[in-house]
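Quick notes on the structure that follows.
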Amino acid sequence: MNKLTISDQIRTLRKSKGLSQENLAENAGINLRTLQRIEAGNAEPRGETLRLLARALDVPIESLSELIEEPQISEEEDLGFLKLMNLSALSFWFIPFGNILIPLGFWIYRKNTLKGVRELGKRILNFQITWSIVTYGAASFIIFAGFTQSFWVNPLTMLPVMLLLYFANTIFIINTNRKIIRGEEDVYSTSLKIIQ
C-alpha cells in the first residue's frame, strides 16, 4: 500500500472530521486558498502553517511533518563546486568581506542539493568570519588609537601586518584547495564555531 502524501493525509483527516475546507481553514486560522493549494499538492505546509493545521485537525505535528520530504541531496560530491566555493574566499582581495559574502552565496545556493557543500561551507564561513574579526579588528584598533593619539603600535607597521594576514589567508585557501582535491576531511578546523 502506498504511503499517503501530506496533502492526501490532510484532506483525509479533514473529511473524517466532517470539516469543509472553509471550516478547516477558519479553525486553523489560515487562508482558504493556502489550504486548497496544500490539499491539491501544489504547496507543502511548513513551520507555523503546519503547526496550525495539526492543532485544528487534533493530531500531533510529528505525524504530519514526517510526511514532508526533505530536499534531496545528490549522492555524488561535485568536487569542482567545492573547489570553486573554497576559492571564492579569495575575493577579499577585491571586495571588502568578499571572503564571507561570496562563499555564503555559494553555500546558500547549493547546501541542500550537493553532498559536502553544507559542511564545507560552514567551515569556510566560520574560518573567514574568524579571520575577518582578527584582521579588521586589529586594523580598527590601530585606526582608533590613531584618532585618540595614543599609539601603542606604530600605524606604519599596520600595513605590513595587514598584508601578511592577507597573504597568510591566501596561502591557507590555496592549501585547503589541495586538501579538497585529495579528499581530506580535516579542512578549516581552526576557527570560531559561529555557524553550527
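The values are calculated or read from the model by the stated rules, or taken from the named source; none is laboratory data. If you're wondering where the values come from, they're calculated on a predicted model, not measured in any experiment. FYI the Cβ positions are ideal-geometry reconstructions off the backbone, even for glycines, and counts take in every protein chain you see. In case anyone asks, the SASA skips ligands and DNA or RNA and just uses the protein heavy atoms, side chains included. Shrake-Rupley method; radii C 1.70, N 1.55, O 1.52, S 1.80 Å.
Brief remarks follow.
- Residues in the range 5-24 that are of a type outside the set (Val, Ile, Thr) and closer than 16 Å to LEU64 by Cβ: SER7, ASP8, GLN9, ARG11, LEU13, ARG14, LYS15, SER16, LYS17, LEU19, LEU24.
- Any hit, the range 45-67, residues being modelled with pLDDT under 75 and of a type in the set (A, V, I, L, M, F, W, C): yes
- Candidates in the range 74-86 are the residues that are in contact with a Lys or Arg (Cβ under 7 Å, 6 or more places away or on another chain) and either at pLDDT 55 or above or small (Gly, Ala, Ser) (or both); of these, the one that is surrounded by the most Cβ atoms within 10 Å (Cβ to Cβ) is PHE81.
- Qualifying residue in the range 170-184 (condition: among the small types (Gly, Ala, Ser), in a loop (DSSP other than H, G, I, E, B) and either surrounded by 10 or more Cβ atoms within 10 Å (Cβ to Cβ) or modelled with pLDDT under 80 (or both)): yes
- Enumeration of residues in the range 25-56 that are under 13 Å from SER7 (Cβ atoms) and of a type in the set (A, V, I, L, M): LEU35, ILE38, ALA40, ALA43, LEU50, LEU53
- Here MET158 does not fit the description of being farther than 29 Å from LEU79 by Cβ, at pLDDT 80 or above and not in a loop (DSSP other than H, G, I, E, B).
- The helices (runs of 4 or more DSSP H) falling completely within the range 6-69 include none with 2 or more residues that are open to solvent by 20 Å² or more (accessible area, probe 1.4 Å), touching a residue at least 60 places away in the same chain (Cβ under 8 Å) and farther than 28 Å from ASN112 by Cβ.
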